[in-house]
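Notes to accompany the following structure.
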Amino acid sequence: MVPQRPDVAPRSTRLRPLNRILVNVLLDGSVAAVAAPFARWLAAPRDGLLHPLWFLAGGAITLVVSGLPFRMPQQYWRFSGLSDLLGIAGASIASAGLFTLGLYATGFPLPSPTFPLIYALTLTAMLGGLRMAYRLCNGITRRNIVQRRIVLVGADQIADLYLRALGRNPEAGVRVTGLIGQGTHQAGRRIHNVPILGHVTDIAALLDTMAAHHTLPDTLVVTDSNFRGEGLGRVLEAAEAHGIAVMRAPVLTDLTPADRIALRPVAIEDLLNRPQVPLDRAGMDRMIRGEVVIVTGAGGTIGSELARQIAGFGPKHLVLLDHGEFALWQIDVELGELAPHISRSVIVADVRDSDRIDEVFAQFRPALVFHAAALKHVPIVEANACEGLLTNIVGTRVVADAARRHGVRALVMISTDKAVNPSSLMGASKRAAEMYCQALDIATRHAGEPLRCVTVRFGNVLGSTGSVVPLFRRQLERGGPLTVTHPDMRRYFMTVPEAVGLVLQASVRGTDGLRFERDTGEGASQTERVAGTDALLREGGIFVLDMGQPVRIVDLARQMIRLAGLRPDEDVKITFTGQRPGEKLFEELFHGREAPVPTDAPGLLMAAPRVVDYQDVAHAVDRIAVLAHAGDTEAAMTVLRYLVPEFDHNATGEAKDAPPDIDQDRESLTS
């Protein structure tokens, strides 16, 4: 036996398409052979149905010849659509014309003047009907393997595409029994013969009605990738009441090939209702490309994401600095896989060690420094007060002073909403760090030095180390209960990539955003807004990310239980453990005297908090450093209260603050 070349398909495989084409020709020719005498009988019933055999052969031959330009033999009947029908109509008209010419040429009289039209219509109907019958039979066969019923939730255009994909996927094992739309006045209409049951805002009533008629689906499938937030939460609650799973359809570009349609769970991030914010990627590229960049706290959640996104803009050299060896190793390995072409260094260093930090800055001479290193866990900082003060306040001063000495162009400090009216040592220490960076920025501006200190403040990020989402996931894996400190506890949330993207956006605006925005040719009002932003920056203004609406932690816990396909308080309990030391029931993005100012960049606001003279804040930080090193917590906190007079320490975890109304809180940020 002669071995077959691996790049040559077996002969049977190569002949299979040819065999299918021959079958198409045979079937279409047979239909045309029947259609010719039938059309003659319709045109002249008195002449009967009996005709010479050449009449049948002429119909078949003319259709085969006419169908070649319209690619009829290559049509895939299982996927026949409008374009195929148009090809059939064109071939039928051409065949009728060719057949009529043949009759004239042989001297055979036309049955009637309308015979060509009747023959074309007959051919179109019979050929199209044959394909429709094939698809109907194929659909009946698919019904025998249906495993579950689903109802689609989302926009009608996306539902149309999803239904088309399902129609071409007999192995999907699902049948769509209804649609719940997002448009008005759609109820009662049908898409691909699937009824639109109503509007998504009425989903609870719609599911109640289906339950009464015993027609509840097995799964609700959200087809619109932009459907999230409060509306999605309403769908989850209604589905939970009837024990129905909620899944997401793949995005439209993932619907190919059609036999791989796979539903996916709804992500917890989808409940934040955060629209996609356009980012100034051109400005980020201009700021980062070809520069040496240092990221402190590079092993943490924010620091590692900063490293990932910065690497995407092609820095000359990326320095990853952290105190934790394992965390540094993780992000270094990841960047080696994601951006192997980016030159980088891994530096183990403590930001509190002035000599070590000065050595690193002298070696690499960075142009940009992103300072994300901090102790952020409120109870742990409460229990280790001096360590928190040394890392968050003194460590920030060490990094900022090193940046000033070594000609850094911009220092970007990552702050937190807990710095606003702080009740914890962590929040107060971050507010003191903000004040030092503010004062240093004003001082360097007045001295004509190149360093710009940009402070960015935002709330919690989903999935960060020590946050509630990983905690809830671990508790769910163990079967619960989920622990929440207080029923009224609320927090602002944002995804990690989104937060870091906006941090980079703020960095651009804080360094050269004014010049860049003026070059775009915006109107006068836009120019005034940018000028106002620049004035705030000169006065120590702080960038604040627009965090949307605060979320109740207990609501987040309930939604995570639902997303796991379980029922809150029945399958998984939620227990309240009490407020921890330093915690507030709700966080704020702005101090009462900080009027939020919009910027030219979507998703960014500015605050104009109280600033302190550089010498005063530097002296206070010196005193805190000495006292913290000596372990004198009370004396260090006394100096901290002098620096941050709004610091109202909640050392016992007492629930003494009433949360504001969520809608009013949102309006106060945007008014």
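Structure above, values below:
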{"quantity": "Nearest-0.05 FRET efficiency for Asp202 and Tyr134, computed from C-beta distance (R0 30 Å)", "calculated": "0.15"}
{"quantity": "Amide H contacts of Val551 (H built 1.01 Å from N, under 5 Å, at least 5 apart or other chain)", "calculated": "Arg491, Tyr492, Phe493"}
{"quantity": "Cα-projected label distance for Asp160 with Asn193, points at 7 Å along beta-carbon direction, nm", "calculated": "1.9 nm"}
{"quantity": "Theoretical FRET efficiency, 1/(1+(r/R0)^6), r = Cβ-Cβ of His213 and Leu68, R0 56 Å, to 0.05", "calculated": "0.60"}
{"quantity": "Ordering of 571-580, 374-383, 426-435 by packing [mean C-beta count within 10 Å, highest first]", "calculated": "426-435, 374-383, 571-580"}
{"quantity": "Gained length - Ala447 relative to Arg473, 0.36 nm times residue gap less alpha-carbon distance", "calculated": "4.3 nm"}
{"quantity": "R0 of 51 Å, Cβ-Cβ distance Arg148-Asp616: FRET efficiency to nearest 0.05", "calculated": "0.15"}
{"quantity": "Vicinal HN-Hα couplings computed from phi for the range 372-381 (Karplus, 6.51 cos²θ - 1.76 cosθ + 1.60; Hz; Gly/Pro x)", "calculated": "10, 6, 5, 9, 10, 7, 4, x, 5, 5"}
{"quantity": "The range 272-366: C-alpha gyration tensor shape, a/c 1.5 cut-off, then a/b vs b/c", "calculated": "prolate"}
{"quantity": "Two-site label geometry, Val333 and Leu101: point separation in nm, points 7 Å out along Cα→Cβ", "calculated": "7.4 nm"}
{"quantity": "Sequence-distant lysines (8 or more away, or on other chains) whose Cα lies within less than 17 Å of Lys376", "calculated": "Lys418, Lys430, Lys584"}
{"quantity": "Rg(Cα)/(2.2 N^0.38 Å) for the range 97-139, N = residue count", "calculated": "1.60"}
{"quantity": "Packing rank of 209-218, 37-46, 495-504, where each peptide gets the mean count of other beta carbons within 10 Å, highest leading", "calculated": "495-504, 37-46, 209-218"}
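No value in this document is a laboratory result; all are computed from the given coordinates. Note that this is a predicted model, so its numbers are computed, not measured. Here Cβ is always computed from backbone atoms with ideal geometry, including for glycine, and neighbour counts include all displayed protein chains.
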